[in-house]
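To keep things clear, I will list the structure first and then write my remarks on it.
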Amino acid sequence: MPDTSKLRYAETHEWVNLQGNIATVGITDHAQKEISDVVFVELPKLDRAVKQKESAMIIESVKAAFDIYAPLSGKIIKVNDKLGQRPELVNRSPYEEGWLFQIECSNPKDFESLLTESQYNSAKESAH
Amino acid sequence: MPVYYTSIIAEHNQTRQSCSFFDVSHLGEFHVKGPGAFRFLQYRITNDMNKLKDGKIIYSLLCDEKGLTLDDILVYQNKPDDYYLIVNAGGIDRDFEAFHKYAPETVSLENQSGQMACVAIQGPKSEEILEKLFGFRLKELGYYRFKEERLKGEPVWVSRSGYTGEDGFEIFSSNALAGLVWDQLVSEGKKEGALPAGLGARNTLRLEAGNVLYGNDLDTTTTPLEAGLGWAVALDKEGGFVGRDMLLVQKEKGLKRRLVGFKMLDKPIAREHYPIYKEGKKAGVVTSGSYGPTAGCNIGMGYVAKGAETPGTSIEIEIHGKLVKAEVVALPFVAKKHKKG
C-alpha cells in the first residue's frame, strides 16, 4: 500500500499520486466503502483532455452510478484496463490494484492546492 | 433500515444461500374490524376477498376511482370482518384517507403503524432458525398463511411471506417485542447462519424475483393491468370495486404499454427513469434496474409500448448518453422458491 500521507485528495474523494507531471488517480478507501460493491467502471478514453473538477468517468455499484472527477487538468494517458474484467479491485485495493487512470498534467502545480491527507480526513469527518 | 450492513452483494447471497433478517418496521398496519368490514374491503380493493379465510393472506392493489394505483397491499384475515392491512410506508396517510373515504360507520379503521413493527426473516434456513431461536412451530404453515405465536407471553403474528422470492417469514409484533426479536437474531443468529441485511439487498432480491416496488414500478400514473398484476384484479367480482369501470375499459381497448423485465446485453446498468428505445424510436422507460447478483447480469424492469413486450424483443436503453443493447425477458429473473400450499 502506498504511503497515503504523500497523496493529495479532492473533496470529491479522489486521491492523486503525482510523479513528475504524471498524476495517478483513484478513489479513497472511504469512497469505495460508500459506493460499495463496484460492478462496472466506464473508464475515460485515452488522449481525452480533462479539466480539473470535470467528470472523467463513471463507477457503477449495485447501489448507484457515481461520477469520478478529474482532480487535475491535462490529458488521459493511461487507464487501468484490469478493471474491465475485475471492477471489484476498486473495493479490494483502492490505492493499488484499483487505481483508475493517469493524467499528464498541464499544470502540475495545482497538485499543491489539493487537500492533504489530514485535511481530507477532517473534511470527510465533518461531512457526516 | 440501512442500505447495507456489510455489502449489498454479500447480503443478497446470504439470503439466497442461508438466511437474512430485515427490519421492515417502516411498513404500515391498519386494523379493519366490525360488521360490514368484508363488504367494505371487497368494494375498496381490487382482489377478491372471497379468496380469504382465517389465517390466510391475499395480495391486492388499492386503486383510485380512475383505476390508477394508490398502493399495493396485503390483507390478513384474522376472523370474518376482522382484517389487518399491510401497506407501504410512503402510502400510510394517503391509503388511510382512501380507505376512510369509503368506510361505513359500523367498521372501525385504525392505523396501528406507530405501535406495530415487523421483522422479515428470509432464505432457505429461515424455518429452522426461527423454530430453534423462538420455539415457533412453522412446518405446517403454508405460503401466504399466518398464525399467532407467543413471545414473552405476548402474542405475535408470524406469516410465511416476504419480498425476496425465497422461503421466509414476517413477524408482526409490538415495537418493544420486535426489538427483542431483532436483538436475539443479532446475538444468536450468526452461529445458525442468519445475518442482518439492508435495503440494498432487499431491492436486488425482489427485482430478481420479479416483484414490483411501489413508487418505482407502480404508481399513480399506472394501472395494475399495465403492471402485469391482473391476477390480483377481480374485474368480475360481484358489486364491482373502486376503479373497476376504468380498468374494464382499459382491458377492452387493449393495453398501450406493459411492465416487462429486461436483461442488459452490454455492461452498464440501466436505472430508473432511463429511456427505452426500440429500433431507434422511444418505446418506454426504466422503472427499476440493478446488477442481479444471482442472475449474474444487469437486469431491470420498465414500461414498454405495445409491440415491444414479447420476450426476446431487442431494445436499447440510453445510459450516460449512449444507447446500450438489452433484451426483453420473461419475469422472474430468478425462480421463486416459495413453499407450496
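FYI, it's all coordinate maths here, none of it is from the lab. Remember, it's a predicted structure, so these values are computed and weren't measured experimentally. When we count neighbours, we look across all protein chains shown, and the Cβ atoms used for this are built from the backbone with ideal geometry, even at glycine.
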Top mean-square fluctuation among B:H100, B:H320, B:H12, Gaussian network model of chain B, C-alpha springs under 10 Å? B:H320
Taking the Cα centre of the stretch B:28-111 as origin and charging only Cβ (+1 Lys, Arg; -1 Asp, Glu), how large is the dipole, in debye to the nearest 20? 300 debye
Averaged over residues of A:56-68, the number of beta carbons from other chains lying within 10 Å of each residue's Cβ is 4
Efficiency of FRET between B:K339 and A:H30 - r from beta-carbon atoms, R0 56 angstrom, step 0.05: 0.85
Toy charge model, Lys and Arg Cβ at +1, Asp and Glu Cβ at -1: the stretch B:35-169 dipole around Cα centroid in debye, rounded to 20, equals 380 debye
Mean projection of the alpha-carbon convex hull of chain B over all orientations, in nm²? 17.1 nm²
Dimensions of chain A along principal axes (Cα, Å, largest first)? 36, 36, 25
Fewest Cβ neighbours within 10 Å first, please rank B:D71, A:D67, A:D3, A:D29 accordingly. A:D3, A:D67, A:D29, B:D71
When a footprinting reagent is the concern and you count Cβ atoms within 10 Å, what order do B:M301, B:M246 take, fewest first? B:M246, B:M301
Percent relative contact order of chain B, based on C-alpha pairs within less than 8 angstrom and at least six residues apart? 20 percent
log10 I(q)/I(0), Debye, Cα-only the stretch B:143-302, no solvent, q = 0.15 Å⁻¹? -1.00
Given Cβ charges of +1 for Lys and Arg and -1 for Asp and Glu, the option among B:C297, B:P311, B:P275 whose Cα lies farthest towards the positive end of the dipole of the stretch B:230-329 is B:P275
The stretch B:191-247: which GluC sites (Glu not before Pro) are DSSP loop and have at most 13 other beta-carbon atoms within 10 angstrom? B:E238
Suppose R0 equals 41 Å; then what is the FRET efficiency for B:V249 and B:R137 from their Cβ-Cβ distance, rounded to the nearest 0.05? 0.30
Cross-link pairs beyond the 30 Å C-alpha cut-off, checked among B:K79/B:K339; B:K306/B:K340; A:K33/B:K339; B:K53/B:K336: B:K306/B:K340; A:K33/B:K339
Between B:D82 and B:E327, the two model label points (7 Å from Cα along the beta-carbon direction) sit apart by a distance in nm of 5.3 nm
Give, rounded to the nearest 20 debye, the magnitude of the charge dipole that chain B has about its Cα centre when Lys and Arg contribute +1 at Cβ and Asp and Glu contribute -1 at Cβ. 920 debye
Report the full-extension gain for the segment A:N107 to A:K78: residue separation times 0.36 nm, less the Cα-Cα distance, to one decimal in nm. 8.7 nm
For B:C297, A:C105, ascending order of other Cβ atoms within 10 Å (fewest first) is B:C297, A:C105
Sort all Cα-Cα distances of the stretch B:230-329 into consecutive 10 angstrom bins from zero, then give the percent of pairs in each bin up to the one containing the longest distance. 16, 42, 23, 16, 4, 0
Most mobile of B:G189, B:G228, B:G261 per a Gaussian network model of chain B (Cα springs, under 10 Å)? B:G228
Gyration tensor on Cα atoms of the protein assembly as shown, a ≥ b ≥ c root eigenvalues, a/c under 1.5 rounded, else prolate if a/b beats b/c, else oblate, says prolate
What Kirkwood hydrodynamic radius do you get for the stretch B:112-173 when you take the inverse of the mean 1/r over all pairs of distinct Cα atoms, in Å? 11.8 Å
Calculate the mean, over all residues of peptide B:291-297, of how many other protein chain Cβ atoms lie within 10 angstrom of the residue's Cβ. 2
Do the sum for the protein assembly as shown: with -39,500 (n - 2.57) for every DSSP H run of n ≥ 4, divided by all residues, what is the mean residue ellipticity at 222 nm, to the nearest 500 deg cm²/dmol? -6000 deg cm²/dmol
